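Undergrad: Questions regarding the structure given below will be posed in turn.
Read-outs: derived from the displayed coordinates by stated rules, not from any lab. Quantities reported herein were computed from a predicted structural model and do not represent experimental measurements. So basically every Cβ, Gly included, is an ideal-geometry build from the backbone, and we count neighbours across all protein chains shown.
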Amino acid sequence: MATGPCALYGKHRMKNSVLVGVRDTNGNYISNEFRTGQLFTCGCNDRIITSGSPNTGDYIRSYVTEGGIQASEWVYSIAGGYWKIPKKYIYYQGSSTLPGYEFM
Ligand SMILES: [Zn+2]
C-alpha cells in the first residue's frame, strides 16, 4: 500500500521510529491498540505509522501510510500531541512485512 515507489531507493527504507499519539480526525482514540503508534520515515520523506514494531520482527498490525497521515495537533491541556488519521485509511497487516517497504 505504499503511495508509490521510493524515488531514492525503489523500496522505502523506513527508519527512525518515534512513538507518537494517534487519534481520528475528531480527536478520539481509534482503538485501544492504536492509541500510540510508531512513526517511521524514509529518506524521501514518505511516512508510515504502525501500531506494531515491524523493525523488531513484530507484526505491523494497524497502520496508515503517507496518504492517510494528516496534520499533527498539539494539545496544550495535556502538554502532548497526536497525529490525526481518518479511520478509512487504517489497514491491518498480520505480518512484519509490507510490499514496497523495508523496516529498519
Ligand atoms: Zn522512500
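Undergrad: Of the residues Tyr101, Tyr89, Tyr63, which single one is of a type in the set (Ser, Thr, Tyr) and either over 14 Å from the mean Cα position of the chain (by Cα) or more than 19 Å from Ser17 (Cβ to Cβ) (or both)?
TA: Tyr89
Undergrad: Test Glu102 against the criterion of being under 19 Å from Gly4 (Cα atoms) and out of contact with any Phe, Trp or Tyr (no Cβ under 7 Å at 6 or more places or on another chain), and give yes or no.
TA: yes
Undergrad: Next up: On the given criteria, is Ile30 of a type in the set (A, V, I, L, M, F, W, C), under 22 Å from Thr97 (Cβ atoms) and surrounded by 14 or more Cβ atoms within 10 Å (Cβ to Cβ)?
TA: no
Undergrad: With the requirement that a residue be hydrophobic (A, V, I, L, M, F, W, C) and in contact with a helix residue (DSSP H, G or I) (Cβ under 7 Å, 6 or more places away or on another chain), what does the range 4-46 give you?
TA: Result: Ile30, single match.
Undergrad: OK, next. Within the range 1-76, considering only strands (runs of 3 or more DSSP E) that don't extend past its boundaries, which have at least 3 residues that are among the hydroxyl-bearing types (Ser, Thr, Tyr) and more than 10 Å from the ligand (Cβ to nearest atom)?
TA: 61-65
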